[in-house]
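The values are calculated or read from the model by the stated rules, or taken from the named source; none is laboratory data. This structure is a prediction, so every number in the text was calculated from the model and none was measured. Ideal geometry is used to build each Cβ from the backbone, glycine not excepted, and the neighbour counts take in all protein chains shown. Please note that ligands, DNA and RNA were not included when accessible areas were found on the heavy atoms of the full protein model with its side chains. Shrake-Rupley method; radii C 1.70, N 1.55, O 1.52, S 1.80 Å.
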Amino acid sequence: MADVVLSGAIRSNLLSMQNTARMLDESQLRLATGLKVRSAVDSPTSFFTAQGLNNRASDLNNLLDSMGQAVQTLEAADQGIKSILKLVDSMKSVANQALETKVKATVLTGNQDTALTGGVTLASLAALATGHQITITVGEVTNNVTIGTGAAQVSTITELMAWVGATFNGDEPLAATLNADGQLQFTAANGRDIAISANNSGTPVSLDALVGSRISATDGVNRDKYERDFNNLREQIDQLAGDASYKGVNLLKGNDLLSVFFNTEQTSQLDIQGVSLTPDGALNIAEVGNASGDHGFAADAAIKAFVESLNSATNALRQQASTFGANLGVVQIRQDFTKSLINTLQSGASSLVVADTNEEGAKMLALQTRQQLGTTALSLANQAEQGVLRLFG
């Protein structure tokens, strides 16, 4: 079938209408998608440049999440330090209460019927005999001595009193004397309990002839309660420091390193080293007393030394809180910077590929008007050929 021959005027108008329709379709698509560059076909330079900017913004968004987690880790450590400071203040309060408590000596006075003298032999006192063992306990400390004349044995009241003074010294001092009534008297200056007993190869032996029926005394005043409270608080500090972790990272136990990266190449970063904020670590808070009967609160000077160590611990905690605070400030500043940079990258990418809806709307209105004018022009051009047809009418 032969092609239809169009006049030059009609063909020109038709081409113009086709171009108008194409541009109208393009404006409608841009308004629908909001993009002026949808693929590399539209504009390779703009498309790939925008893609690179968006990729970098996406990478920085991932880093931003990592920074947010670092902030949470630092905040967990800061909360831990604040709580430890409160525990240290409680320990100071306990130590000061102990300091205000005056120790009253414990006295165990015998009430035997017969007055004793230093030269009386122990083996001559009723149920006691050579080979029997005398056990004396002061607080947590217990010592034994055998009645006899051999090495490390005692045979008389005088030797027993000398052995007591030589054996019980240090934190659990005990003095044994004879009072004016000839009664054996034990005095524990630290206010702890005193107990005395005797046995023969494990079988209890009566001490009535030596101290009478009274074999224990608990009427002293000591600071043991405050020592227990102090040590309990000390243990709580260690436990709290162990619990101040976030996602497995604990900056208060000294072993962990928190690295925060600020760029995708990992050339810009902040390393935050953990510290051991525990009683045995940087805080250096010693335990009061031990199972061997040593008592750190026995002397006022010792309590004051503990208070000084607590003051040093407070300073260490405050300094570390300041260091973590400075690190937190750096991370938050980089967070703000990264957010602004992401916005800049995304805005730059948008300016390359996002359509101006106002401009595209105006274009579409103009193209619609042009399309209508094109239809009218085509009609006018067609009228010229219709004039030739009338010649044959």
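Taking H as built 1.01 Å from N, whose amide H comes closer than 5 Å to the amide H of residue 253, not counting residues under 5 places away?
275, 277
What nm value, rounded to one decimal, do you get for the distance between residue 372 and residue 97 when each label is placed 7 Å out toward the C-beta?
It is 9.3 nm.
Report the relative contact order of region 166-222, percent, no decimals, based on alpha-carbon pairs under 8 angstrom and at least 6 residues apart.
Dividing the mean separation by the residue count of region 166-222 yields 29 percent.
With the crude spin-label approximation of a point 7 Å out along Cα→Cβ, what separation in nm comes out for residue 51 versus residue 341?
Computed distance between label sites residue 51 and residue 341 equals 2.3 nm.
Need the full-extension length gain, residue 65 to residue 126, defined as separation in residues times 0.36 nm minus the C-alpha distance. One decimal, nm.
Stretched out fully, the residue 65 to residue 126 stretch lengthens by 13.4 nm.
Kindly provide log₁₀ I(q)/I(0) values, in the same order as q = 0.17, 0.18, 0.21, 0.22 Å⁻¹, from the Debye equation applied to equal alpha-carbon scatterers of region 89-218.
So the normalised log intensities are -0.84, -0.94, -1.26, -1.39.
Test of understanding: what is the full-extension gain from residue 146 to residue 89, defined as 0.36 nm times their sequence separation minus their Cα-Cα distance? Intermediate results must be reported in sequence, preceding the final value.
Numbers: separation 57, 0.36 × 57 = 20.52 nm, distance 4.85 nm.
Value of the extension gain: 15.7 nm.
Once both labels are modelled 7 Å past Cα along the beta-carbon direction, what's the residue 58-residue 265 spacing in nm?
2.2
Tally Lys/Arg at +1 and Asp/Glu at -1 over every other residue whose Cβ is under 10 Å from the Cβ of residue 103; what's the total?
Working: positive: 102, 104, 192, 223; negative: 300.
Summing Lys/Arg as +1 and Asp/Glu as -1 gives +3.
Provide the FRET efficiency to the nearest 0.05 for the residue 185-residue 312 pair, computing r from the beta carbons and using R0 = 41 Å. Provide the component values of the computation, followed by the final result.
Working: r = 43 Å, r/R0 = 1.05.
Efficiency, rounded to the nearest 0.05: 0.45.
Grab the beta carbon distance between residue 319 and residue 114, set R0 = 51 Å, and tell me the FRET efficiency rounded to 0.05.
Rounded to the nearest 0.05, the efficiency is 0.15.
Which listed residue (136, 198, 246) has the Cα farthest towards the positive end of the charge dipole for region 134-283, taking +1 on Lys and Arg C-beta and -1 on Asp and Glu C-beta about the Cα centre?
Farthest along the dipole direction, towards plus: 198.
Any chance you could look up the accessible area of residue 246 with a 1.4 Å probe, heavy atoms only, rounded to 10 Å²?
Only protein atoms counted, so the area is about 70 Å².
So if each residue of separation counts as 0.36 nm, and I subtract the Cα-Cα distance between residue 273 and residue 195, what length gain in nm does that give? Can you show the working numbers first?
On the way: separation 78, 0.36 × 78 = 28.08 nm, distance 5.30 nm.
Extra length from residue 273 to residue 195 when fully extended: 22.8 nm.
Quote the charge dipole size of region 231-289 about the Cα centre in Debye, to the nearest 20; the model charges only the Cβ of Lys and Arg (+1) and of Asp and Glu (-1).
My answer is approximately 80 debye.
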